[in-house]
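Trainee: One structure, as structure tokens, below. Some questions next.
The values are calculated or read from the model by the stated rules, or taken from the named source; none is laboratory data. Source: prediction; values computed, not measured. Ideal geometry is used to build each Cβ from the backbone, glycine not excepted, and the neighbour counts take in all protein chains shown.
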Amino acid sequence: MKTTSAAATATIELTRTGNPATVNEDSLYSLVTRRLLPVLLTAFCIAYLDRINVGLAKLQMASDLGFSDAVYGFGAGIFYLAYAIFEVPSNLIMHRVGARRWIARIAVSWGLVSMCMLFVRTPASFYALRLLLGMAECGLFPGIILYLTYWYPARRRGRIVAMFMAALPLSGLVGGPLSGFIMQRMAGFSGLHGWQWLFFLEALPAVAIGVVIWFLLPDRVAEARWLSDEQKRVIATNIASENAEKPTSDTRKVFTSGRIWLMSLMLFAFATGNMGISFWLPTIVQRAGHGNSLSVGLLTAIPYAFAAVAMIALSMSSDKRRERRWHLAIPAFAGAALLALSTVWSNDLTMTIVTMTAASMCVFAVAPLLWAQPTALLSGGAAAAGIAMISSLGNLAGLFSPSLFGYLTVRTHSTSAGMFLLAAFMVLGGILSLVTPARLVNK
């Protein structure tokens with residue numbers, strides 16, 4: 001089959017007032033990426049850090065407040081209950097009012113709620129603030145995924161989604177050492193615990209990025225002052241041509257679509273592994289080596305650094321070959337095997353880091369490829385609803401995974417049972433990716 005990769009480098013000729021003008025697509029999309037990606041990636045990196053920094057805070061917070069692993073696991077996961085409930089309406093609102101206003105609002109509100117985490121004293125207050133944080137932040141990720149569909153055609157979207165989602169491992173890469181440093185160096189300052197300073201200081205950038213988004217992010221291609229009229233027409237033509245080939249979708253029918261439910265289940269399976277690592281990696285490392293907050297933060301950065309590289313490399317390979325299923329399945333099965341294998345060396349710090357690094361590379365790498373699928377099938381309001389629905393249902397894994405991991409850890413006095421749980425769901429995700437018809441995903 002002849003691929004359309006040649007079109008990506010072809011020169012498109014347009015006519016403006018009778019004079020031919022040329023626009024090179026590669027140069028154009030490079031410009032778009034340079035303008036949009038730094039802001040979007042930074043926003044998601046800050047958001048994910050504010051979401052998962054509770055994993056490092058737990059190293060002090062649990063003993064200071066007397067929280068068990070089960071309390072922590074449920075509190076970490078309950079964030080995703082509110083996240084799931086409000087994602088669909090949030091995305092539909094953004095589709096109507098525009099990305100700039102809505103994403104800026106999301107960033108400022110989640111930053112303010114995250115600051116309030118320093119007031120946690122009881123399990124009830126912990127649960128309540130995690131719920132509020134989920135409500136405040138819920139629309140950011142699906143909103144940005146939808147926003148990228150306004151700019152990039154499907155053939156370029158796998159790579160750009162991977163670059164954006166590199167914020168997941170990057171937040172751990174930067175956040176681990178930063179969080180450990182804050183907790184160790186700020187403990188006792190002004191009468192606050194290190195974990196309280198962690199929540200306060202790491203929330204400030206969220207408010208700042210909200211202001212930046214308000215001033216820098218264009219709602220649509222037509223509002224981008226840094227693009228010429230010819231460049232805007234090229235992007236609009238590419239998106240319009242792609243949307244014309246998609247089946248017409250009623251927004252309401254999205255909720256009964258078998259394809260959407262299948263992708264939701266796939267995301268749930270993969271997110272179970274992803275979130276299990278995100279929320280429990282500091283605890284796993286600490287129990288393997290008994291380090292302090294700073295050393296644990298530094299060590300947890302290692303798996304995230306390698307995961308960021310693997311995420312982008314796998315997506316580039318998938319885009320180049322126009323293949324999604326096996327690019328999802330092979331890392332999923334490998335990640336499952338490595339998660340299970342890590343239990344053999346749960347008391348050996350070096351081998352724990354090695355196996356968790358390899359497992360993280362596989363587990364984190366699959367997410368961008370999954371998100372390239374619904375954006376290739378849906379457009380308009382249906383895309384807004386479908387992306388949000390997949391994210392909502394799939395991210396319920398955030399409630400399930402940390403909570404059940406914590407429960408199993410309390411019952412077995414070991415993290416091994418939890419690791420086997422994560423491995424089982426990665427296997428499920430790999431199987432589901434192979435069940436998906438190739439014609440639906442190999443865009």
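Trainee: Condition first: over 20 Å from the mean Cα position of the chain (by Cα), among the polar types (S, T, N, Q) and buried (at least 23 other Cβ atoms within 10 Å of the Cβ). Now tell me which residues in region 285-331 satisfy that.
Mentor: Of everything in region 285-331, just one residue is over 20 Å from the mean Cα position of the chain (by Cα), among the polar types (S, T, N, Q) and buried (at least 23 other Cβ atoms within 10 Å of the Cβ), namely SER293.
Trainee: List pairs: first residue in region 50-61 and touching a residue at least 60 places away in the same chain (Cβ under 8 Å), second residue surrounded by fewer than 24 Cβ atoms within 10 Å (Cβ to Cβ) and not in a helix (DSSP H, G or I) anywhere in the structure, Cβ distance under 8 angstrom, at least six positions apart or on different chains.
Mentor: Partner pairs satisfying both residue conditions: LYS58/PHE67; GLN60/ALA187; GLN60/HIS193; MET61/PHE67; MET61/HIS193.
Trainee: Also, quick follow-up: Can you go through PRO205, PRO177 and tell me which one is over 30 Å from SER27 (Cβ atoms) and touching a Leu at 6+ places or on another chain (Cβ under 6 Å)?
Mentor: PRO177 is the lone residue from the list that is over 30 Å from SER27 (Cβ atoms) and touching a Leu at 6+ places or on another chain (Cβ under 6 Å).
Trainee: Let me ask you something else. Could you list, in sequence order, the residues of region 50-75 that are at pLDDT below 90 and of a type in the set (Asp, Glu)?
Mentor: Selection gives ASP50, ASP69.
Trainee: Which number in (1) under 24 Å from ALA388 (Cα atoms); (2) touching a residue at least 60 places away in the same chain (Cβ under 8 Å); (3) in a helix (DSSP H, G or I) marks the one condition that ALA236 misses?
Mentor: Condition not satisfied by ALA236: (2).
Trainee: Residue check: is ALA47 of a type in the set (Gly, Ala, Ser), within 20 Å of the chain's Cα centre (by Cα) and modelled with pLDDT under 95?
Mentor: yes
Trainee: Are there helices (runs of 4 or more DSSP H) fully within region 33-134 with at least 2 residues that are under 30 Å from THR412 (Cα atoms) and either touching a His at 6+ places or on another chain (Cβ under 6 Å) or not hydrophobic (A, V, I, L, M, F, W, C) (or both)? List them.
Mentor: In region 33-134, the matching helices (runs of 4 or more DSSP H) lie at 54-65, 69-97.
Trainee: Could you grab me the full set of residues in region 61-110 that are of a type in the set (Ser, Thr, Tyr) and closer than 29 Å to PRO218 by Cβ?
Mentor: TYR83, SER90, SER109 - these are the residues of region 61-110 that are of a type in the set (Ser, Thr, Tyr) and closer than 29 Å to PRO218 by Cβ.
Trainee: Which members of region 397-443 meet the condition of being modelled with pLDDT under 85, closer than 25 Å to TYR83 by Cβ and not in a helix (DSSP H, G or I)?
Mentor: Once the filter is applied, which keeps residues that are modelled with pLDDT under 85, closer than 25 Å to TYR83 by Cβ and not in a helix (DSSP H, G or I), region 397-443 yields only THR436.
Trainee: Would you say SER241 is modelled with pLDDT of 90 or more, among the hydroxyl-bearing types (Ser, Thr, Tyr) and part of a helix (DSSP H, G or I)?
Mentor: no
Trainee: Just to be sure, is ARG96 touching a residue at least 12 places away in the same chain (Cβ under 8 Å) and of a type in the set (D, E, K, R)?
Mentor: Judged against the criteria, ARG96 is not a match.
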